[in-house]
Amino acid sequence: MKKLTILAVMMVATLTASAQWSVTPKVGMNLATITNGDDAKMKVGLVAGADLAYRFSDMFAISAGAFYSMQGAKGKEGSVTAKINTEYINVPILANVYVLPGLALKAGIQPGFNVKHKAKAELNGYSEEANIPNYKSLDLSIPLGLSYEISDFVIDARYNLGLTKIVDVSGNSSKNSVIQFTVGYKIPL
């Protein structure tokens, strides 16, 4: 048992010595909409947070992050303008495969925790905002994207494909759909 423990510690030490940890603060914008929304248009929002990455080799890394993300959708019917304003804390967990030096393809899973969900309607200068009933607090999505590193700067583009029906109403199958662009600075740890 003692030999097995020593062997395990040596393997972990070897992996840690050859691997590189880094943190990358990022800021950018979302182009978000909601699927199956009648004539829903994309809404621009802020995204900001950081990724923590563990690079196993020149070709492979795993990253996990925490990001504040403004999402939702907007639309217009007749003279009524409507906006759905949602805010999430998203936690992307990604596999990063480096196909060329500095260029990584990314895919993974992302739980998102809803912190705000309001609808706003405007008609002839009058507006009203209210909470959206039956809105789910957890949103699961699949982030797919790529990033490019120039020195320690990182440019990242992702598409977050929503899997969760965001409103718990019979017959409603609306899901989040988000295109995300960020710029960050990689800090080795």
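The values are calculated or read from the model by the stated rules, or taken from the named source; none is laboratory data. Everything numeric in this text was worked out from a predicted model, so none of it was measured. All Cβ positions, even for glycine, are placed from backbone atoms using ideal geometry, and neighbour counts span all protein chains on display. Calculation scope for accessible area: heavy atoms of the full protein, side chains included, ligands and nucleic acids excluded. Shrake-Rupley method; radii C 1.70, N 1.55, O 1.52, S 1.80 Å.
Structural remarks
- Residues being within 22 Å of HIS117 (Cβ to Cβ) and buried (at least 19 other Cβ atoms within 10 Å of the Cβ) - total across the stretch 133-157: 3
- A count restricted to the stretch 172-189 and to residues that are among the hydroxyl-bearing types (Ser, Thr, Tyr) and open to solvent by 80 Å² or more (accessible area, probe 1.4 Å) stands at 1.
- Count of the stretch 105-119 residues which are more than 16 Å from TYR135 (Cβ to Cβ) and open to solvent by 40 Å² or more (accessible area, probe 1.4 Å): 3
- Qualifying residues in the stretch 152-177 (those that are among the aliphatic types (A, V, I, L, M) and in contact (Cβ under 8 Å) with a residue 60 or more places away in the chain) - the one nearest to ASN90 (Cα to Cα): ILE166
- Neighbours by Cβ (under 9 Å, 6+ apart or cross-chain): first from the stretch 134-151, closer than 30 Å to VAL167 by Cβ; second among the acidic types (Asp, Glu) and outside any strand (DSSP E or B): ASN134/ASP168; TYR135/ASP168; LYS136/ASP168
- Residue within the stretch 53-76 that is more than 17 Å from ILE166 (Cα to Cα), in contact with a Phe, Trp or Tyr (Cβ under 7 Å, 6 or more places away or on another chain), among the β-branched types (Val, Ile, Thr) and part of a strand (DSSP E or B) present: yes
- Flag for ASN36 being over 17 Å from LEU144 (Cα atoms), touching a residue at least 60 places away in the same chain (Cβ under 8 Å) and among the polar types (S, T, N, Q): yes
- Hits in the stretch 97-144 - residues which are aromatic (Phe, Trp, Tyr) and either more than 17 Å from ALA64 (Cβ to Cβ) or at pLDDT below 95 (or both): TYR98, TYR126, TYR135
- Looking only at the stretch 47-67, and only at residues there that are surrounded by 15 or more Cβ atoms within 10 Å (Cβ to Cβ) and not hydrophobic (A, V, I, L, M, F, W, C), the one that is farthest from VAL115 (Cα to Cα): ARG55
- ALA130 satisfies every condition listed in (1) under 18 Å from the mean Cα position of the chain (by Cα); (2) open to solvent by 30 Å² or more (accessible area, probe 1.4 Å) except (1).
- Annotation: of all residues in the stretch 159-171 being of a type outside the set (Asp, Glu) and open to solvent by 50 Å² or more (accessible area, probe 1.4 Å), the one that is nearest to GLY28 (Cα to Cα) is TYR159.
- Taking the stretch 172-189 as the range and being closer than 18 Å to MET29 by Cβ and of a type in the set (S, T, N, Q) as the test, the residues that pass are ASN176, SER177, GLN180, THR182.
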